[in-house]
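The values are calculated or read from the model by the stated rules, or taken from the named source; none is laboratory data. All values derive from a computational prediction rather than experimental measurement. Cβ: placed from backbone, ideal geometry, glycine included. Neighbour counts: every protein chain shown.
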Amino acid sequence: MLCARRSDGPRFLNVSTTEHLIAQIIDRLPVRDLLRCRCVSKPWCSLIDSPRFVKAHLKRSIECKAKPGIIIKSFISYSVDFDSLHNKTTTAVEIDEPLKTLLHATGDVGSCNGLHCLYNLQTDLFLWNPAMRKCRKLPDAPAEFLRPFEFDQSSLCGFGYDAVNDDYKLCGSKVTIYSLKANSWRRLPNISGNFQFRGAWGIFMGGALHWITVTAPGSPSILAFDLGDENYKEVPMPRLQNDIVKNMNIVIFAESLCMLEYFPLIRIDVWVMKDYGVRNSWCKLFSVEQPKITTCCMSIRPIFYSKNRKDVLLEVDSKKVMWYNLKKKKARAVKIANLPEIFDLEVYTESLVSPDYNFSCCGPQVPRQPQEKKKQQQQQRNKRDGFLSKGFKLVL
């Protein structure tokens with residue numbers, strides 16, 4: 001027990017309550033500071049590495065809209081400070097060794113909860129957490145898994161989180177699934193029907209990966225692969241003005257599934273599904289007048305709103321980053337030193353989710369004998385005592 005003196009007399013806090021209070025305080029810290037806190041003591045390190053704390057910190061970061069991380073990928077990977085994008089100029093900083101060599105010439109399959117799935121030309125697949133500076137190569141994929149550079153319009157690939165089974169999954173073509181929880185690949189039945197996919201990469205939202213698809217003959221639709229039950233479903237489309245599949249794309253914007261409808265040389269309409277899965281919740285947020293950006297752009301992707309929501313950051317043709325004022329319909333370029341000629345920009349939530357994520361606490365447990373249980377309880381008490389004596393002093 002811990003005694004805390006106040007003017008109205010002593011008040012006692014038990015150890016478990018104190019641990020809870022400390023966890024509540026430090027889960028407000030950014031990842032970089034938490035990695036330093038791991039060095040305070042073994043109990044602190046154990047607390048910060050625990051699956052419960054990792055999930056609590058991620059949940060708070062999402063709810064509080066914590067400052068995100070920004071990665072710019074080309075043959076070399078760079079990081080950019082989020083706040084600096086509001087300045088007239090900023091700098092892209094190379095990610096240094098040993099990650100620089102490991103991440104050279106890698107492309108993105110997708111990202112979720114701060115964890116990125118990457119591939120390279122040697123057919124290797126990686127999981128990478130930039131905030132933690134951790135990267136891990138995945139087991140070799142089976143032969144039927146088409147490598148990312150082999151994809152065609154009948155292929156698909158994506159990465160996301162399965163909340164039902166508390167697992168991260170990589171979905172490959174034909175159809176193969178990698179489970180981080182099991183650290184293995186397995187085969188699923190092929191998709192029934194003749195689908196062609198607009199883009200190989202699945203967009204993760206609402207527990208599912210999404211692609212724009214079209215049947216021959218047929219109209220475009222959104223096909224979703226639910227990572228929980230591992231089944232396919234159709235997600236309703238917005239009521240667009242045309243059904244030309246090459247003039248549409250899906251992305252994530254404003255924390256929603258987003259449809260981009262292109263009118264070449266005129267404008268791009270940005271639609272979002274405010275209530276996931278509900279057709280009537282699709283609404284057109286805004287339009288970007290293409291001549292205000294550039295006269296010959298092939299693609300425009302909204303990244304995020306400015307703090308006052310009067311501007312939108314755009315990635316243009318994978319070559320430029322620009323702020324677009326929604327009211328004035330004017331654009332200004334963001335000058336980024338070291339910016340590669342062609343790149344992909346990604347905004348992500350920084351997290352403690354590790355590529356070596358430990359799911360042992362979630363799996364089946366062997367029943368313990370009474371003696372073992374008592375021994376475990378004593379170890380827990382000793383650990384808590386050490387947590388108090390080594391890690392901190394609480395003053396009320």
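Overview of results
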{"quantity": "Residue identified as of a type in the set (D, E, K, R), in contact with a helix residue (DSSP H, G or I) (Cβ under 6 Å, 6 or more places away or on another chain) and buried (at least 17 other Cβ atoms within 10 Å of the Cβ) among D27, D108", "calculated": "D27"}
{"quantity": "Some residue of the range 45-67 being in contact with a strand residue (DSSP E or B) (Cβ under 7 Å, 6 or more places away or on another chain), assigned by TED's automatic domain parsing to the domain that holds Y168 and not aliphatic (A, V, I, L, M)", "calculated": "no"}
{"quantity": "Any chance N308 is assigned to a helix (DSSP H, G or I) and among the polar types (S, T, N, Q)", "calculated": "no"}
{"quantity": "Number of the condition not met by G199 [criteria: (1) at pLDDT below 90; (2) under 20 Å from E346 (Cα atoms); (3) in contact with a Gly (Cβ under 8 Å, 6 or more places away or on another chain)]", "calculated": "(3)"}
{"quantity": "Residues of the range 221-231 classified as crowded, with 19+ Cβ neighbours inside 10 Å and in a strand (DSSP E or B), total", "calculated": "4"}
{"quantity": "Where S41 falls short, out of the listed (1) farther than 30 Å from A333 by Cα; (2) assigned by TED's automatic domain parsing to the domain that holds D162; (3) not aliphatic (A, V, I, L, M)", "calculated": "(2)"}
{"quantity": "Residue ranges of helices (runs of 4 or more DSSP H) in the range 1-88 with at least 1 members modelled with pLDDT of 90 or more", "calculated": "31-37, 42-49, 51-63"}
{"quantity": "Odd one out for I268, checked against (1) part of a loop (DSSP other than H, G, I, E, B); (2) over 29 Å from Y161 (Cα atoms); (3) in contact with a Phe, Trp or Tyr (Cβ under 9 Å, 6 or more places away or on another chain)", "calculated": "(1)"}
{"quantity": "Unmet requirement for E261, which otherwise passes all of (1) modelled with pLDDT of 90 or more; (2) over 24 Å from V347 (Cα atoms)", "calculated": "(2)"}
